[in-house]
């Protein structure tokens with residue numbers, strides 16, 4: 001059996017010449033589309049890395065604020081009751097200062113400097129005695145205070161000795177810590193102690 005001969009006509013030759021540049025054009029379009037997709041993915045990853053970095057700086061600043069709270073608490077605990085009736089700038093106010101706003105407070109002049117941690121966070125604190133006015137004792141009604149319980153009753157529970165604040169009323173103190181860190185990170189933490 002013999003194969004029939006393929007007859008090439010001028011029409012076949014013209015179709016082949018018309019198709020020779022189309023494949024190259026389609027390949028270039030696909031290459032441009034893949035490049036654009038690669039750039040979009042790269043930018044998305046860069047944005048995610050920046051967000052993760054900012055969250056890490058924020059968490060480091062919040063952790064550093066604990067050192068400011070502890071420094072303020074230690075300062076209050078080391079003072080005598082008479083010393084806490086008057087202001088002691090920087091860092092202590094014997095009243096709650098109605099207009100106190102941590103975001104516009106002059107921390108450099110009126111805040112107590114704790115230090116700079118290894119991450120570059122600058123820590124400061126300020127303590128407010130929760131009384132309406134300075135230079136007044138806690139006996140009045142213008143202070144938020146905790147009154148001590150008497151040690152005479154354990155209400156059916158075990159006896160653990162005398163309460164540490166027996167016979168006295170103690171004012172609350174608001175400690176506000178501010179941490180300023182890298183990339184303009186600023187965190188505020190407040191705690192109430194007595």
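A short reminder: the numbers here are calculations on the coordinates, not readings from a lab. Keep in mind the model is a prediction, meaning the values are calculated, not measured. Quick reminder, even Gly has a Cβ in these numbers, built from the backbone with ideal geometry, and neighbours come from all protein chains shown.
Using only the alpha carbon atoms of segment 21-155, find the Kirkwood hydrodynamic radius as the inverse mean reciprocal pair distance, in angstroms to one decimal.
By the Kirkwood definition, the hydrodynamic radius is 20.1 Å.
Taking N as the number of residues in segment 50-121, what value does Rg over Cα atoms divided by 2.2 N^0.38 Å take?
1.34
Quick check on the exposure proxy: order 44, 80 from fewest to most C-beta atoms within 10 angstrom.
By the 10 Å Cβ count, ascending, the order reads 80, 44.
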